[in-house]
Amino acid sequence: MEIDLRKRLPAVALCFLLACVGLIETQVHLDLTGPGWDARAYWNAWQGAMYDGSVGDPGHYLYSPVFAQLVWPLTHLPWPAFAGFFIAVNAVGLAWLLRPLPLTLAVPLWLAGSQEVMSGNVFIPMAVVAVLGLRLPHLWAFVALTKITPCLGPVWFAARGEWSALARVVATTTGLVVVSALVAPDLWRDWIGFLVDQARISDGAVGYEFIPGPLYRLPVAVLLVVWAARTDRVWVLPVAMVLATPFIWNGSFTLLAAIPRLTAAARGVDPGAPGAPVVRSADREDTGSA
């Protein structure tokens, strides 16, 4: 036990350092804006023009009309209840993702991600999709219709020849888009115009100034996923998702919280949750059980 603790000490120290940084950043945001600073864009999406901002602008709604339509019933809640819903989803999601780790690592890493928890952003649900989406491919539609470019699950399926899983992603995403566009075609024209405008500036740095723009990062992310899929390195998938994120900021790195669940599943270790996901796809399961 003493030897294991000694070996783990550098990792524990790093996690506690990240926890301190995360808690300081969380407190700064809470002092400036209060909780749910990113979720407020979803709450305000239907008030005025929906797509009048740019990637990286705080408080502006950027995702597809589908997400706004699905969230619309919740926007009738008082703001504290709306923000509390997204914060609770993030809090539980991050705890679930980190559960395979020892508490000495999981607790400080959860605190390190507290800024993202309190923001109400969707990076933590996206990390959950990176895990569960290997068994339930249709979940990747959530990523495709929010952040768009980190939707690398279909690339993973294509590289592994898992065509049924790929077809489920495409069918689910297409179905949601068709229904949404029939209900609100004007919003889709506005969103497509917004995406075209944003693509014109995608060669510049978005987020940290020293990080290249998404136009340069996305091809690298795709190649990384192809390599990972062909060599069974599933932990690389969330790393590539970070790389493919349009706006890389601190919260983007919470996508890496998917790694403990993915590596545990790849080793065949039950992290302790009922129905824990495994890395093999539904295609390969069907083949094996025939």
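Would you mind stating whether LEU255 is at pLDDT 85 or above, within 20 Å of the chain's Cα centre (by Cα) and farther than 29 Å from ALA199 by Cβ?
On the way: at pLDDT 85 or above: yes; within 20 Å of the chain's Cα centre (by Cα): yes; farther than 29 Å from ALA199 by Cβ: no.
So LEU255 fails the test.
If you scan the range 208-240, which residues turn out to be assigned to a helix (DSSP H, G or I), in contact (Cβ under 8 Å) with a residue 40 or more places away in the chain, of a type outside the set (A, V, I, L, M) and open to solvent by 30 Å² or more (accessible area, probe 1.4 Å)?
Matches in the range 208-240: ARG230 only.
Just a yes or no: is a residue in the range 81-99 loosely packed, with under 13 Cβ neighbours inside 10 Å, part of a helix (DSSP H, G or I) and within 23 Å of the chain's Cα centre (by Cα)?
yes
When the residues of the range 125-140 are narrowed to those that are more than 14 Å from ALA244 (Cβ to Cβ) and in a helix (DSSP H, G or I), which ends up most open to solvent (accessible area, probe 1.4 Å)?
HIS138
Condition first: under 20 Å from ALA141 (Cβ atoms) and small (Gly, Ala, Ser). Now tell me which residues in the range 42-100 satisfy that.
ALA45, SER64, ALA68, GLY93
Does PHE67 satisfy the condition of being among the hydrophobic types (A, V, I, L, M, F, W, C) and open to solvent by less than 60 Å² (accessible area, probe 1.4 Å)?
The answer is yes for PHE67.
Among the residues of the range 192-225, write down those that are at pLDDT 95 or above and more than 30 Å from SER180 (Cβ to Cβ).
Listed by number, the residues that qualify are VAL220, LEU223, LEU224.
Could you check the range 32-43 and list, in sequence order, the residues that are farther than 15 Å from ALA81 by Cβ and either open to solvent by 50 Å² or more (accessible area, probe 1.4 Å) or without any contact (Cβ under 8 Å) to a residue 24 or more places away in the chain (or both)?
LEU32, THR33, ALA41 - these are the residues of the range 32-43 that are farther than 15 Å from ALA81 by Cβ and either open to solvent by 50 Å² or more (accessible area, probe 1.4 Å) or without any contact (Cβ under 8 Å) to a residue 24 or more places away in the chain (or both).
Pick from the range 18-49 the residues that are outside any helix (DSSP H, G or I) and over 22 Å from the mean Cα position of the chain (by Cα): which of them is nearest to ASN121 (Cα to Cα)?
It comes out as GLY34.
Which members of the range 141-161 meet the condition of being open to solvent by less than 10 Å² (accessible area, probe 1.4 Å), more than 15 Å from VAL225 (Cα to Cα) and assigned to a helix (DSSP H, G or I)?
Matches in the range 141-161: ALA141, VAL143.
Do we find that PRO137 is over 28 Å from GLN27 (Cα atoms) and over 17 Å from the mean Cα position of the chain (by Cα) in this structure?
In short, no.
Among what's in the range 100-124 and is touching a Lys or Arg at 6+ places or on another chain (Cβ under 9 Å) and assigned to a helix (DSSP H, G or I), pick the residue that is surrounded by the most Cβ atoms within 10 Å (Cβ to Cβ).
Checked the range 100-124; the qualifying residue surrounded by the most Cβ atoms within 10 Å (Cβ to Cβ) is PHE123.
The conditions are (1) more than 16 Å from the chain's Cα centre (by Cα); (2) open to solvent by 20 Å² or more (accessible area, probe 1.4 Å), and LEU243 fails exactly one of them. Which is it?
In the conditions (1) more than 16 Å from the chain's Cα centre (by Cα); (2) open to solvent by 20 Å² or more (accessible area, probe 1.4 Å), LEU243 misses (1) alone.
Applying the selection to the range 120-143, what residues are in contact with a Ser or Thr (Cβ under 9 Å, 6 or more places away or on another chain), touching a residue at least 60 places away in the same chain (Cβ under 8 Å) and of a type in the set (Gly, Ala, Ser)?
ALA127
The values are calculated or read from the model by the stated rules, or taken from the named source; none is laboratory data. Predicted, not measured: the structure shown is a model, and the values here were computed from it. Please note: Cβ atoms are built from the backbone with ideal geometry, for glycine as well, and neighbour counts cover all protein chains shown. Just so you know, the surface numbers come from the protein's heavy atoms only, side chains and all, with ligands and any DNA or RNA stripped out. Shrake-Rupley method; radii C 1.70, N 1.55, O 1.52, S 1.80 Å.
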